[in-house]
Amino acid sequence: MKIFIFVRQGCCLCDSLKNKLAKINLNELFPNLEELKEIDIDRVDLYKDKYKKYDFEVPVIAVERIRSEEIIELPRISPRLKDDQLKNWFQKNISTILEK
């Protein structure tokens with residue numbers, strides 16, 4: 001499984017989420033996690049399709065299941081979630097996707 005976080009430079013919500021994610025051990029939560037990849041949508045030369053899709057919605061978290069190329073967006077994250085709440089949010093939302 002891969003987790004993607006779509007962000008943009010200078011976005012305070014993006015920076016806050018990245019700081020909170022740094023405190024969570026996602027590998028402990030999801031032993032099959034292959035990669036947590038940050039994608040800066042302002043790199044239009046690389047991510048033009050993502051820029052068009054997420055321009056006004058960052059930060060966005062999405063998951064790609066193992067042996068699948070489908071990327072599934074997770075529901076928006078409240079910027080008010082604290083560390084444990086964010087951890088629970090991840091467990092709930094990613095577990096739901098993995099069960100499908």
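The values are calculated or read from the model by the stated rules, or taken from the named source; none is laboratory data. Bear in mind that the values here come from a model prediction, so they are computed numbers and not experimental data. Cβ placement follows ideal geometry from the backbone for every residue including glycine, while neighbour counts extend to all protein chains displayed.
Overview of values
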quantity: Any chance Ile66 is touching a residue at least 40 places away in the same chain (Cβ under 8 Å) and exposed (fewer than 11 other Cβ atoms within 10 Å of the Cβ); calculated: yes
quantity: The stretch 10-51, subset outside any helix (DSSP H, G or I), at pLDDT 90 or above and not charged (D, E, K, R), residue surrounded by the fewest Cβ atoms within 10 Å (Cβ to Cβ); calculated: Gly10
quantity: The stretch 58-92: number of residues that are within 16 Å of Cys12 (Cα to Cα) and assigned to a loop (DSSP other than H, G, I, E, B); calculated: 9
quantity: Yes/no for Phe90 being out of contact with any Leu (no Cβ under 9 Å at 6 or more places or on another chain), crowded, with 16+ Cβ neighbours inside 10 Å, at pLDDT 85 or above and of a type in the set (Phe, Trp, Tyr); calculated: no
quantity: Pair list, Cβ under 7 Å, 6 or more apart: the stretch 42-58 residue without any contact (Cβ under 8 Å) to a residue 12 or more places away in the chain, other residue part of a helix (DSSP H, G or I) and surrounded by 16 or more Cβ atoms within 10 Å (Cβ to Cβ); calculated: Val44/Tyr51
